[in-house]
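Worksheet: the structure to be examined is printed underneath.
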Amino acid sequence: MWLLTVLVSIAIAKQTPAPYLQNLKRPLNIAHRGASGYIPEHTLQAYDVAAYMSADYIEPDLNPTKDFHLVINHDNLLNETSNVELLPQFAYLRTTKTIQTYEGNITETGWFIEDFTLEQIKQLRAKQRLSFRPKTFNYLLEKITIDEALEWAIKENENRKRNKKNLVGAYIELKNPTYYNSKGFPVQQMLLNTLKKFGIDDIKGANEKCPIILQCFELETLEFFSKETDLPLVYLIDSGSGLPYNMTEYASIVHGVGPDIGFIFNTKYDSTGFVALAHQNNLFVHPWTIRDDTLPAGFTAKQVYLKLLYENIDGIFTEFPDSANTYFNL
């Protein structure tokens, strides 16, 4: 059943020279912030566990430090993912900022990555974001850079190639690039320079060393990347923003869309037809995010994953990649 629907999808989906943008046997298993349901997010350990759980991709979110290094964190606020507020040497860096995001301007108080040097970031230790998840590894694991994540992935893939296994990729998101550009951080070029350093700034290199997909909530940034690289591009969209979507416009710029689940299903978890419409416009669909411990009322993890499977998605962001591996391979 699944193979038949995949073959139908391939017939209408946008052709790309990146062979790693699809899996003929099942949807791509994209580990959202790593295996973050078990391990503090965006740590090498969370990525390593995700790879062990058969994730096809880890998903680094990038924010720049004061001295122009790209650190991996969900956003630029460090409070929820580190022990920064417990360290007296950083008390003076606590501040309030208004951040320009795809959701509009957001005012927050705390500690922000762009005010720290990389040396200072390395003094922090990661913690589990959600209070109801395991805290076993709290304050034991380092915050990391994209360079460290790519070094890990390329080394992992060298072992996989020797053992004739599929490579693990990096599905990279630039966070709030317009905001960072306004503060003097050319994050788009910083990322391209990093990829070039590792020889994975185009499909050829990425296919050989570490599959790369670039994603962003800002279409202008993806337009920039489309002129600088042939790497696959995915536009992230949020149903909570209230903004209309335009598949025709997206299809002229990117290879796929990353909608939140609210675009895929209505409040009763019935199909909205979004995936079919995206496929008609030659766009892959990688929705976000499945969290096994915060499922919609009345649904089991198995039911949610299977509903997505039957919806003919091309990939899924999940914080429990072992579940995606299990239910997409029944």
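Couple of notes before you dig in:
- Residues in the range 41-68 that are assigned to a loop (DSSP other than H, G, I, E, B), over 14 Å from the mean Cα position of the chain (by Cα) and closer than 17 Å to Trp152 by Cα: Met53, Ser54.
- Within the range 71-106, the set of residues being under 22 Å from Gln215 (Cα atoms) and free of Cβ contacts under 8 Å to residues at least 40 places away in the same chain comprises Leu77, Gly104, Asn105, Ile106.
- Matching residues in the range 267-286 - criterion: being closer than 22 Å to Val304 by Cβ and in a loop (DSSP other than H, G, I, E, B): Thr267, Lys268, Tyr269, Asp270, Thr272, Gly273, His286
- Pairs where the first residue, in the range 183-212, is on the phi > 0 side of the Ramachandran plot and the second is surrounded by fewer than 19 Cβ atoms within 10 Å (Cβ to Cβ), C-beta under 6 Å, 6+ apart: Gly199/Gly205
Conditions tested, residue by residue: (1) within 28 Å of His286 (Cβ to Cβ); (2) out of contact with any Ser or Thr (no Cβ under 8 Å at 6 or more places or on another chain); (3) modelled with pLDDT under 95; (4) surrounded by 15 or more Cβ atoms within 10 Å (Cβ to Cβ).
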| position | (1), (2), (3), (4) |
| --- | --- |
| Val84 | no, yes, no, yes |
| Thr98 | no, no, no, no |
| Phe116 | no, no, no, yes |
| Phe132 | yes, yes, no, no |
| Ala149 | yes, yes, no, yes |
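- Scan of the range 287-322 for residues that are assigned to a loop (DSSP other than H, G, I, E, B), closer than 22 Å to Cys216 by Cα, touching a helix residue (DSSP H, G or I) at 6+ places or on another chain (Cβ under 8 Å) and of a type outside the set (A, V, I, L, M, F, W, C), ordered by number: Pro287, Thr289, Asp314
- Residues (within 22 Å of Pro134 (Cα to Cα) and either hydroxyl-bearing (Ser, Thr, Tyr) or touching a Leu at 6+ places or on another chain (Cβ under 7 Å) (or both)) located in the range 283-330: Thr289, Thr294, Thr300, Ala301, Thr318, Ser323, Thr326
- Scanning the range 147-160 for residues that are within 19 Å of Ile203 (Cβ to Cβ) and touching a Leu at 6+ places or on another chain (Cβ under 7 Å) returns Asn157, Arg160.
- In the range 258-281, residue farthest from Asn23 (Cα to Cα) [restricted to those that are at pLDDT below 95 and of a type in the set (S, T, N, Q)]: Thr267
- Among the criteria (1) surrounded by 16 or more Cβ atoms within 10 Å (Cβ to Cβ); (2) in contact with a strand residue (DSSP E or B) (Cβ under 7 Å, 6 or more places away or on another chain), the one Asn312 does not fulfil is (2).
- Pair list, Cβ < 6 Å and 6+ apart or interchain, from the range 17-28 residues that are in the same structural domain as Asn166 (by TED's automatic domain parsing) to residues that are modelled with pLDDT of 95 or more and aliphatic (A, V, I, L, M): Pro17/Ile203; Ala18/Ile203; Pro27/Ile313; Pro27/Ile316
- Test for Phe284: is it in contact with a helix residue (DSSP H, G or I) (Cβ under 9 Å, 6 or more places away or on another chain), touching a residue at least 40 places away in the same chain (Cβ under 8 Å) and closer than 19 Å to Leu219 by Cβ: yes
- Test result for Leu150, under 17 Å from the mean Cα position of the chain (by Cα) and closer than 29 Å to Leu222 by Cα: yes
- Condition met for Thr65 (free of Cβ contacts under 8 Å to residues at least 60 places away in the same chain, in the same structural domain as Leu174 (by TED's automatic domain parsing), touching a strand residue (DSSP E or B) at 6+ places or on another chain (Cβ under 9 Å) and surrounded by 17 or more Cβ atoms within 10 Å (Cβ to Cβ)): yes
- Counting only helices (runs of 4 or more DSSP H) that sit completely within the range 195-266, those holding 2 or more residues that are closer than 17 Å to Phe317 by Cα correspond to 261-264.
- Restricting attention to the range 134-188, the residues being among the small types (Gly, Ala, Ser) and more than 29 Å from Ser226 (Cα to Cα) number 0.
- The residue list Asn138, Asn157, Asn176 contains one member that is in contact with a strand residue (DSSP E or B) (Cβ under 7 Å, 6 or more places away or on another chain), of a type in the set (S, T, N, Q) and in contact (Cβ under 8 Å) with a residue 40 or more places away in the chain, which is Asn176.
The values are calculated or read from the model by the stated rules, or taken from the named source; none is laboratory data. The model shown is predicted, which means the values in this text are computed figures rather than measured ones. Ideal geometry is used to build each Cβ from the backbone, glycine not excepted, and the neighbour counts take in all protein chains shown.
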